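Asks: My questions will all concern the structure given below.
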Amino acid sequence: MYVYDQYDQKIIDERVAQFRDQTARFLDGKISETEFLPLRLQNGLYLQRQAPMLRIAVPYGLLNSKQLRKLADITRRYDKGYAHISTRQNIQLNWPALTDVPDILAELATVQMHAIQTSGNCVRNTTTDQFAGVACDELEDPRPYCEIIRQWSTLHPEFAFLPRKFKIAVCGSTEDRAAIHHHDIGLELLANAQGEIGLRVLVGGGLGRTPAIGSVVCDWLEKEHMLTYLEAILRVYNKHGRRDNKFKARIKILVRAMGVEAFREAVEKEWATLKNGPTTLTEDELIRARSFFDAPDYAVLDRAESTTELQAACDRDAIFGNWVKRNTQDHRVPGYRIVTVSLKSTGYAPGDVTAEQLELIAELSDLYSFGEIRSTHEQNMVLGDVPISQLYALWQHLQGAGLATPNIGYLTDIICCPGGDYCSLANAKSLPVAEAIQARFDDLDYIYDLGPLELNISGCMNACGHHHIGHIGILGVDKKGQEYYQVCLGGSQSKDASIGKILGPSFKQEDMPDVIDTILSTYVTLRQEEESFLDTYRRVGNEPFKERVYAPTH
Amino acid sequence: MPRLIKNGAVVDDSWTALDHDTVAPQAGQICTLPQWLQLSQKKGSAVQLEPAEEPDILFEHLQEIALIVINFPVFTDGRGFSYARRLREHGYRGELRAGGHFIRDQLTYLRRCGFDAFQMDDESELEAALDSLGDFTEFYQAADDQPLPLFRRRV
């Protein structure tokens, strides 16, 4: 993974000192609330319902064991002994004290971490495929590009006061696991007819109040131009994005208002001044960035042999076998598998992880996965490089710590924001809904029979729980001071991206498990052969679901 | 005489403040964009841009203008940062001043974008604000103060 040199460290250290001074001046009454707001947000600090919330950046979801141990330590010393993985692959602390935040940031800086631009109207943490570098369907590792973007966007002087937040995602594989169609900018690595790899640039995707799928603004961009092109897009947005209404301030609204053609022209015009300038990437820089993501020292293993070995182990222990089937994936290197550590066990908030679990995952990564860990936008963690021969031992450890719920990609692997229990923006609670659904559907055979299913819950329109792109999406709404839940169906975060359609009037919290039950049984009745929930929905549409869900009860 | 930060020090402002009502600004007075457009002699002129006024209209006269003020009515409106960069990228070498309500914590970013003068709402803050100009000594990006991005300078 990327390792700081003296320059990176200096920038991060200077940022800590700057925020320490800003916090002191704020506490001293020398900075107003309004002026402190963007300063603290751009250091990840929200003032929430219960306490401040600190969002720590995990650049493109990559962590090492030392960082995980430091995070565990921080949650114990400054918080309540647990952390939360966000849908931007970041890590959130729910209970730090404002006065401690400069110290927490200083602690983070000692392990090359920070909370820069995890909030605020600026370029946020760039996200990518949680299986980057190890996926079988990868064309090129997206992480070097993410790191280059991280550096370019970190404390960018021109783009710290944009009309609204700005999110970039990069995908380098056939299947899109980074939801690039739903980002302000989505970058897709792809090959041209000559086999050279370049970038396709999508702009104006997003969730929130006005969900939109990104439009192709540039079909093919040579890699060296990545940063100057991004800079041109950001400049058009900074100058022309709406600032009069925060709900219309995202770039998707600008792209829609201008039309893609006019938007592209405006970008090209800005780009003309920047193109081939000093920000053009050099071959040396691309080589340097890639060098941090070189393959670790894999053992040379025989694919057939390790497959047989794994099969035998699965046959010996059916519960282990099931976990392997559900929570591990093929790795591009023979003899290895990718393991997803499930943070979705019933009774615990989706994405929450305790200090003890963080330390255990750190230790397991050192033992079995080259000391690296990934956080996922589906709010789980991943050990990317586990030798097949070690899977059983790893599983036993995970099982003992409640980290092996075999539900990855199934109904109970719910994406869920912290909602009204923590977040001051929320209209409704989201965690109790997730828990009630997980509790109702605790029959693993039934959830496996339902097949791959993404259920996403957001507590408000800001859509941190990505409800629009869940196959089933749930949105908390406020109806005359009461918490209600709206359901949408048919969303998808993959390359066949779509935005869920609202089913109809919203429901009370206690009715949600029944509503989901009816939706699922409708699917089971209507599905043909191998159809997934999404396939069936796309074939039959909203109507049959609507009829059943809103049928008068007898 | 009003004071401001210029080239890293607190100095007196030698320009006469903008007067929206005047039809004929005197020499040495800062003009609004509409007033400036009416000037027959652009040499040595001074003009203030508001957030909705893009700088492109000035490009033809960048060699003649002595002072461009970019006004920040609210500090969270970041359009002026891009305007400054565009002016510098198009060869403007005169004084580029940030005016209005911005905060000292933005000074490093403003300077990096090409501003060399800062006229703050609260003059009593100027001396203290000088410290904020030194918040950072290293940067990743190319900008007006450092034409090469870090990746072209790493050793």
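Asks: Please tell me if B:GLU125 is acidic (Asp, Glu), within 13 Å of another protein chain (Cβ to nearest Cβ) and farther than 23 Å from A:GLU14 by Cα.
Replies: Values: acidic (Asp, Glu): yes; within 13 Å of another protein chain (Cβ to nearest Cβ): yes; farther than 23 Å from A:GLU14 by Cα: no.
Here the answer is no, as B:GLU125 does not meet what is asked.
Asks: A further question follows. List the helices (runs of 4 or more DSSP H) that sit entirely inside the stretch A:372-453 and contain at least 2 residues that are open to solvent by 30 Å² or more (accessible area, probe 1.4 Å) and more than 26 Å from A:LEU360 (Cα to Cα).
Replies: Fully inside the stretch A:372-453 and qualifying: A:431-440, A:444-450.
Asks: A follow-up question, please. Mind telling me which of the residues A:THR328, A:THR279 ends up being surrounded by 12 or more Cβ atoms within 10 Å (Cβ to Cβ) and more than 14 Å from every other protein chain (Cβ to nearest Cβ)?
Replies: Exactly one residue qualifies, and that residue is A:THR328.
Asks: Would you confirm, using the coordinates I've provided, whether A:LEU199 is away from every other protein chain (no Cβ under 14 Å), surrounded by 15 or more Cβ atoms within 10 Å (Cβ to Cβ) and under 23 Å from the mean Cα position of the chain (by Cα)?
Replies: Yes, satisfied.
Asks: I'm checking my understanding of the structure. Among residues of the stretch B:63-91 that are hydrophobic (A, V, I, L, M, F, W, C), more than 14 Å from chain A (Cβ to nearest Cβ) and without any contact (Cβ under 8 Å) to a residue 40 or more places away in the chain, which one is nearest to A:ARG243 (Cα to Cα)? Give the derivation first.
Replies: Taking the stretch B:63-91 as the starting set, the residues that turn out to be hydrophobic (A, V, I, L, M, F, W, C) are B:65-70, B:72, B:74-75, B:81, B:84, B:87.
Going one step further and asking which of them are more than 14 Å from chain A (Cβ to nearest Cβ), we end up with B:65-69.
Now drop any that are not without any contact (Cβ under 8 Å) to a residue 40 or more places away in the chain, which leaves B:65-66, B:68.
Values: B:ILE65: 29, B:ALA66: 30, B:ILE68: 23 Å.
If we take residues in the stretch B:63-91 being hydrophobic (A, V, I, L, M, F, W, C), more than 14 Å from chain A (Cβ to nearest Cβ) and without any contact (Cβ under 8 Å) to a residue 40 or more places away in the chain, then B:ILE68 is nearest to A:ARG243 (Cα to Cα).
Asks: If you don't mind, another one. Among the residues of the stretch A:489-510, which ones are touching a helix residue (DSSP H, G or I) at 6+ places or on another chain (Cβ under 6 Å), assigned to a strand (DSSP E or B) and open to solvent by 10 Å² or more (accessible area, probe 1.4 Å)?
Replies: Of everything in the stretch A:489-510, just one residue is touching a helix residue (DSSP H, G or I) at 6+ places or on another chain (Cβ under 6 Å), assigned to a strand (DSSP E or B) and open to solvent by 10 Å² or more (accessible area, probe 1.4 Å), namely A:PHE507.
Asks: May I pose another question? Can you name the residue in the stretch A:46-73 that is at pLDDT 95 or above and over 19 Å from A:GLU372 (Cα atoms) and is also surrounded by the most Cβ atoms within 10 Å (Cβ to Cβ) among such residues?
Replies: Ranking the qualifying residues of the stretch A:46-73, first place goes to A:LEU54.
Asks: Let me ask another. Kindly check whether there is at least one residue in the stretch A:77-88 that is buried (at least 17 other Cβ atoms within 10 Å of the Cβ) and over 22 Å from A:CYS416 (Cβ atoms). If you could, list the steps in order and put the result at the bottom.
Replies: In the first step, residues of the stretch A:77-88 are kept if they are buried (at least 17 other Cβ atoms within 10 Å of the Cβ); the result is A:78-79, A:82-88.
Those left that are additionally over 22 Å from A:CYS416 (Cβ atoms): A:78.
Yes, some residue in the stretch A:77-88 is buried (at least 17 other Cβ atoms within 10 Å of the Cβ) and over 22 Å from A:CYS416 (Cβ atoms).
Asks: Please enumerate the residues belonging to the stretch A:231-263 that are within 14 Å of chain B (Cβ to nearest Cβ), out of contact with any helix residue (DSSP H, G or I) (no Cβ under 7 Å at 6 or more places or on another chain) and under 23 Å from B:ASP56 (Cα atoms).
Replies: Answer for the stretch A:231-263, where residues must be within 14 Å of chain B (Cβ to nearest Cβ), out of contact with any helix residue (DSSP H, G or I) (no Cβ under 7 Å at 6 or more places or on another chain) and under 23 Å from B:ASP56 (Cα atoms): A:LEU234, A:ARG243, A:ASP244.
Asks: Restricting attention to the stretch A:463-488, which residues are in a loop (DSSP other than H, G, I, E, B) and small (Gly, Ala, Ser)?
Replies: A:ALA463, A:GLY465, A:GLY470, A:GLY481
Asks: Please specify each residue of the stretch A:10-33 satisfying the condition of being open to solvent by 50 Å² or more (accessible area, probe 1.4 Å), more than 9 Å from every other protein chain (Cβ to nearest Cβ) and assigned to a helix (DSSP H, G or I).
Replies: Across the stretch A:10-33, the qualifying residues are A:ASP13, A:ARG20, A:ALA24, A:LEU27, A:GLU33.
The values are calculated or read from the model by the stated rules, or taken from the named source; none is laboratory data. Not measured: the values here are computed from a predicted model. Cβ sites come from the backbone with ideal geometry, for glycine too, and all protein chains shown count toward neighbours. Accessible surface is based on the protein model in full, side chains and every heavy atom, while ligands, DNA and RNA are left aside. Shrake-Rupley method; radii C 1.70, N 1.55, O 1.52, S 1.80 Å.
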